[in-house]
Structures are given as C-alpha cells and as structure tokens.
Amino acid sequence: MSLAESLFQRIADFLDDYPPFQYLGKEDLLRIARLVKIKFHERDETIFEENTPRRNLFYVIHNGSVRVFNRKGKKHQLRDIRVEGELLGIGHISGLPHYTQSAVAENDTILYSIPWEPFSQLLPAYPDVMRFLRANTSLHPESRSWGGAASEMLPGDPGADTLVGHINETTYLPQIVQKRFLACQTNDTLQEAAFKMLQNELEAIIVVDPDGTPKGMITKTDMTRCVQSGRLPRKALAKEFMSAPVITVGENPRLGDCMRLMLKSACRFLCMTKDGSAFTPATGVISERDLMLYYGNNPMVIIRQIGISDNFEELTHLRYRADMLMLNELRSVDAILWFSEVVHDLNCAFARRVIELAQADLRAEGYFPPDVHLCWMAAGAGGRKELFTRTAMDRGMVYKALSSAAESHAADYATRLAHTLSNGLLKCGWTPNTRQMTEANIQWNRSLSDWEAYFHQWINHTLDDELPSVLPWFDALPIAGNDYLVDSFQSVLVREIASHPAFIRRLASVTITSIPKPEEYEAFSTRENRLGERRFDISHSVLQPLSHLARLFALKEGIVKHTSTIDRLNKLAKTSAAHRALFEDAAEGFKIALFCSAKTGLREQSPGNLIEPATLTGIEQQSIKSTFRSIFELQNLAETLVS
C-alpha cells in the first residue's frame, strides 16, 4: 500500500467512527476519504464568517473544538460548541449562498474539508445519512428555506416523518386481514345473516345499503343477546337488530390507528370504507382478534382486565404489565405519540376502575353518591400526556351538584371519594405527590364555580412569582367522569385571557425566566459529557422549556383543547405561517427528547429526567442539540410579547 493510500485509509477509519460516515459502505467511505483535505486552524482563527459566500465544501473536526455563533453588534450569541467528529458548514444543502453563522477555532484545531458535490451524490443510496443531516441542519436557519417541515430539508429523502424507522404499531395491516369481510342488506333476515357468518366462520357481518354503504354491524355477541332475550321472530330483519353506527377506518389502515380507535370507542370491530367515513361503500372488517394475532402485547387486553379487576393487588400487577409493555415496545421516535395516547388510555382505565372500587368502598361504609357530576383530571405533564411511569402526577377533581338538595352533600362526598381514590392509587404503586397537588387536597377538589373563580383570580390578580405554581392547571385534561366540567372552565379560561391581554405579557415574562441559561446547554455540547462523564437533565433543559413556551403561544392564540406540547406546537405551525417552520422544528425536537426521557424512565422506573448522553445514538444526540436552537428562537419570539 502506498503512503498516500495508507493516509486515505487512516482518514476513512477516523470517519467511520462518527455519523453520518459510519452509515456509508466501505468503498464509498474510502472514495470520500480520498477527497479530504487537511486544514489547520490556530486558536481564535476564523473558519467561516456569517454573511460571507458559502464554499462548496463542509468540514469534519478531526482534533480540537469550534465555537459556532451569531454576531449581535459587539456581542456574540453562542449557538453551539462542536468537537471531534462533528460537522461544520453543511447548511448549503438548503441552497442559500451565504453562511448564516460564524465559526471560530476554540483552540488549535485540525479540520477535514470535504467537497459537497461528490458527497451529496451518495445521499439517495443512504437514508440514514440523510436522516442524520436533517437532524444536524435543523441547528441552522438556512435549513428552513425549503419552506418548513423537517421532512422537506433534503430532496430525495425516502420519507419518514421522523428520524427512525417504523415499529409494529405504525405498520399497515396485512391485506388478507383488511379484505376478509361479509355483508348483508338491511332487509335481509337475521337467519340469512347468521347462515353467512356460520358458512364463512366469521364473527361479524356488515349491514349495508344497496349501494354498499355501511349502516350497522351484527356480531356473534348480538346474536347471543337476541337468543337470550327471546327476540328472534322468524322474519326478523338485520336492520332491526344491528349495532349502529359502525366505527369506520380508511383503506390500508395502520395497526396503531386501529388499536387506538378500538380503545377509544370500546368496540371490538372496525368497518373499513373507501374514504374512512360511513358514507362510502364498506370494503373490509377488522376485528380485535386480528390485532391480537398481529400484535401480541396488546394494551387492549390489559385495559379489559383492568375493567374487571376487583382488588388493588391485581391492579398493581396489571400496572406492572403495562410498564413492561411500554419498555419492551418503545423502540423508536415513531412510537412516542402513539404510546403517549396509549399510556393516557391506560391511566384513564386505571382511574375509572379505582374510582369504581372507591365508590364501592364508600357504599359499604354507608356513603352514597348525591345527585352530582364529577370529573377527575390530570394537570401538568399528566395533563399533557407526557408521563410514562408511575411518578407523581398532578391531579384534581371538579364537581357540580345537579340539584339544590345535593349541594350540601356534594363537597363532603367528593372529599371522601378523593381520599379513597388517592389511597387506591398509592396501593397501585403511584408515587406520592410531595407538593400535595392531588384530589385529596381540598384546594384542588372544588366545585365548577370555584374552579372558574380560580382562573379568574389567576389571570387577573396572581403575582408573577406565584404564577408558576398554578400553571399546571392550564394543562388540565379529563381522566374519568364528566368531561364537560373541564371543558366548561377551559371556556372561562379563553374568555378571561381575551378580556385581559396583559396576562399574556405576564405569562411571557414568567416563561422566559424559566428557560435555562445558554451555559447549561453548553454542557451537553462537550464530547466528555456525551461520553458519559455526567448525566444531562433533559427535563429541565429541553422538555420543560418547550412545554412552557408551547403553552404561552397556545394560550395567546386561544388554543385550550390541545394540551400536549406536541399538539400545541403542531397546531401553532398550522395557524402561524410566519413561524411555521420554527414550531415544526420545536415539535420534532420535543418528540425526540420525550422519547429519550421515556426510554430512561421506563428502564430505570424513574421520572426519566436525567439521561446518559452516551446511551443515545448519534442521531438522537444531534437532534437534541438541534432543539436547543429552537428553544432560543422561541425565547426570542416570547420576548416580543413582553414589550
């Protein structure tokens, strides 16, 4: 091997240790290594300057570190510190002719410069390289010149709207499942329908109009009930005994969507139609059994068992099974939104069952419910569907007496129920709430009129230093009971904010002060920290700042029905054309950070606040760093609301 070839091989070996080069094939990696030029920069020497023409190359740091910043007059606004193996100057993929940031050597630094043109020609063959570059480029404003979504940053990207591949619950059901179905006309007899089901060995039959539009469904369970009730005259018609309306999905549905629909609507069959509505012809039936066959660890099984459990010991065991399900199946960023919904459904199922057991205990003690509506609700991270473990959840209760006679007993009954409920959750393994922000605290177990008065007080008279302690209730979400009670005081929230615009200025000021200083983000940017010398508080540095900022802008726009941070950011992206890309970047970054936190929390049975950067993939590390910029830019946007 010649001296030159030996040098190229050493360069290739170095690049192979770092993303995105480690995703390249050996021959392509060596081809890139042969194009590398080695450059030395002394400490404080400029590598490139913002607003200067962009060179048709990019850099990899071989040794040393580099400051990346923007100039603000005589001041420098630090954006990042890049270290060995990291990239510089790749923003030209967006097509902008100038650099938008400056880069200066932090100490004596050796760089590898790589021409962009031959490297970019490899991208269509290496999706992981493109995904890494997409995560990396969201650090830079020029990455948004494509018009917004992260998925648009690199032409030719094969497509995923997240950084990693799909997992089972986001895959599509096999065609054999989707197309296997029976149909009968509304005026066919039950006997004819039953014969078809028996002949084809299927559990359900769709009842359709002459044009094939679904009107209802008959299942074996429906048949059994008819037999038990004796309501089976010889000429009984299908339309007289069908279950209606049907729950519909579109053609080629995803497994996760089907499971969520079944969980939400408490049904065991879905009707597939041409466009997903009940107004086009039926094309298939999907059964709960189909989902269990293709997805063994089914949360629906756990939820059904929760509903029939009659003691807290069994509920504790089921909660443990749910935790194991989450830990085993949470394999990719793609799954995080689906899992947040499933965890919310599981928490709702536990809450409903614990309330039922608590009410049974109260009846045994001689306390019977008055004529009252109640709703048990989550707040804070629980209300935003961002809690994945049995850590302390902020909770409360709202009730409304339905008669004057019930008013005197409503508060007493709600208090007794709340204490029994809190004790039940503790028996099931939930962590005690040390801040006493639970339904057992009479301050958070109030009538609807009291809650409405609370929001009036908080928006109009609460001091700025007291506001953070009540903001979790601005994320309230119904868990069990009468949902309209929470909807009611959320409507009051919208009216109060609209009537008192000064509240948004105060909330913006409080939100800005809650965001960590840039120095705290620099810790994650050092190679030593990412190699595991200390843990990184992802909740304090990423999740909390983004959730506070999303709440601020959502409330400013009157968005209260969407309480999750990702939902809020996505909704804001749709309603704010000027800042669409910023909100989309922030939503994607939050999703990745939440995934990393959830993985850690489920694995360690902890809140998941502290993560080991060394356990993250290169794409995850880069994506979290990218999110820091979104936080800074949203902070700048929030500052415009204060003045």
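The values are calculated or read from the model by the stated rules, or taken from the named source; none is laboratory data. These figures come from a predicted structure and were not determined experimentally. Every residue, glycine among them, receives a Cβ derived from its backbone with ideal geometry; neighbour counts consider all protein chains shown. Note: accessible area is taken over every heavy atom of the protein model, side chains too, but ligands, DNA and RNA are not part of it. Shrake-Rupley method; radii C 1.70, N 1.55, O 1.52, S 1.80 Å.
If I take R0 = 45 Å and measure r between the Cβ atoms of Asn187 and Leu402 in this structure, what FRET efficiency does the formula 1/(1 + (r/R0)^6) give, to the nearest 0.05?
So the FRET efficiency works out to roughly 0.55.
So what are the ³J(HN,Hα) numbers for the stretch 429-438, from phi and the Karplus equation (6.51, -1.76, 1.60; θ = phi - 60°), rounded to whole Hz, Gly and Pro as x?
Values per residue, Gly and Pro as x: x, 5, 6, x, 8, 5, 8, 6, 8, 9 Hz.
When the accessible area of the chain is split by element with a 1.4 Å probe, what percent falls to carbon and sulfur?
On the chain, the fraction of accessible area on carbon and sulfur atoms equals 52 percent.
What accessible area, in Å² to the nearest ten, does a 1.4 Å probe give for His461?
Surface accessible to solvent at His461 totals approximately 110 Å².
Could you state the per residue volume, in Å³, of the convex hull enclosing the Cα atoms of the stretch 358-399?
Considering the Cα atoms of the stretch 358-399, their hull volume per residue is 90 Å³.
Mind grabbing the accessible area of Asp537 for me, 1.4 Å probe, Å², rounded to tens?
Looks like 50 Å² after rounding.
What is the Cα coordinate range of the stretch 501-642 on the first, second and third principal axes, sorted by size from largest, in whole angstrom?
46, 28, 26
May I ask you to compute the full-extension gain from Asn51 to Thr617, defined as 0.36 nm times their residue separation minus their alpha-carbon distance, rounded to one decimal in nm?
200.5 nm
Would you please put 338-346, 569-577, 396-404 in order of how densely packed they are, using the mean number of other Cβ atoms within 10 angstrom per residue and starting with the highest?
Taking the mean over residues of other Cβ atoms within 10 Å, the ranking is 338-346, 396-404, 569-577.
With runs of 4+ DSSP H residues as the only contributors, calculate the mean residue ellipticity of the chain at 222 nm using -39,500 (n - 2.57) per run, divided by the residue total and rounded to the nearest 500.
-14500 deg cm²/dmol
Where does each of Thr316, Thr283 land when they are ordered by accessible area, with a 1.4 Å probe and the largest first?
Accessible-area ranking of Thr316, Thr283, largest first: Thr316, Thr283.
Calculate the dipole size of the chain relative to its Cα centre from +1 charges on Lys and Arg beta carbons and -1 charges on Asp and Glu beta carbons; express the result in debye to the nearest 20.
The calculation lands at about 680 debye.
Taking R0 as 22 Å, what's the FRET efficiency between Asp275 and Leu202 from their Cβ-Cβ distance, rounded to 0.05?
About 0.40, to the nearest 0.05.
What does the highest-first list of 69-80, 422-433 look like by mean Cβ count within 10 Å?
Taking the mean over residues of other Cβ atoms within 10 Å, the ranking is 422-433, 69-80.
How far apart, in nanometres, would the label points at His76 and Asn460 be if each is projected 7 angstrom from Cα along the Cα-to-Cβ direction?
So the label points at His76 and Asn460 sit 5.1 nm apart.
Sequence neighbours fewer than 8 away in the same chain don't count; with that in mind, list the aspartates and glutamates whose C-alpha is under 14 Å from Lys220.
Of all the aspartates and glutamates, those that pass the test against Lys220 - Cα under 14 Å, at least 8 places apart if same chain - are Glu192, Glu201, Glu203, Glu288.
If amide H atoms are built 1.01 Å from N in the plane of the peptide, which residues on other chains or at least 5 residues away come under 5 Å of the amide H of Asn63?
The answer is Ile110.
Taking 0.36 nm per intervening residue step and subtracting the Cα-Cα distance, what contour gain separates Ile442 from Gln121 on full extension?
Value of the extension gain: 109.1 nm.
Tell me the per residue accessible area of the chain using a 1.4 Å probe; a whole number in Å² is fine.
That works out to 44 Å² per residue.
Keeping all protein chains in the complex and leaving out DNA, RNA and ligands, what accessible area do you get for Ile303 with a 1.4 Å probe, in Å² to the nearest 10?
30
Using a 1.4 angstrom probe on the protein heavy atoms only, line up Phe368, Phe489 by accessible area, largest first.
Phe368, Phe489
Quick one: angle between helix 502-513 and the longest Cα principal axis of the chain, in degrees between 0 and 90, rounded to 10, please.
The two axes meet at around 50 degrees.
Sort Lys625, Lys274 by accessible area with a 1.4 Å probe, largest first.
Accessible-area ranking of Lys625, Lys274, largest first: Lys274, Lys625.
Just to check I understand the Karplus step: with θ = phi - 60° and J = 6.51 cos²θ - 1.76 cosθ + 1.60, what whole-Hz values come out for the stretch 577-584, glycine and proline as x?
Couplings: 4, 5, 10, 4, 5, 4, 5, 5 Hz.
With θ set to phi - 60°, apply the Karplus curve 6.51 cos²θ - 1.76 cosθ + 1.60 along the stretch 11-20 and write out the HN-Hα couplings as whole Hz, x wherever there is a Gly or Pro.
5, 4, 4, 5, 4, 5, 7, 10, x, x
Between Lys26 and Asp108, what's the calculated FRET efficiency when r is the beta-carbon distance and R0 is 30 Å? Round to 0.05.
It comes to 0.45.
Against the longest alpha carbon principal axis of the chain, how many degrees, from 0 to 90 and to the nearest 10, is the axis of helix 190-200 turned?
40
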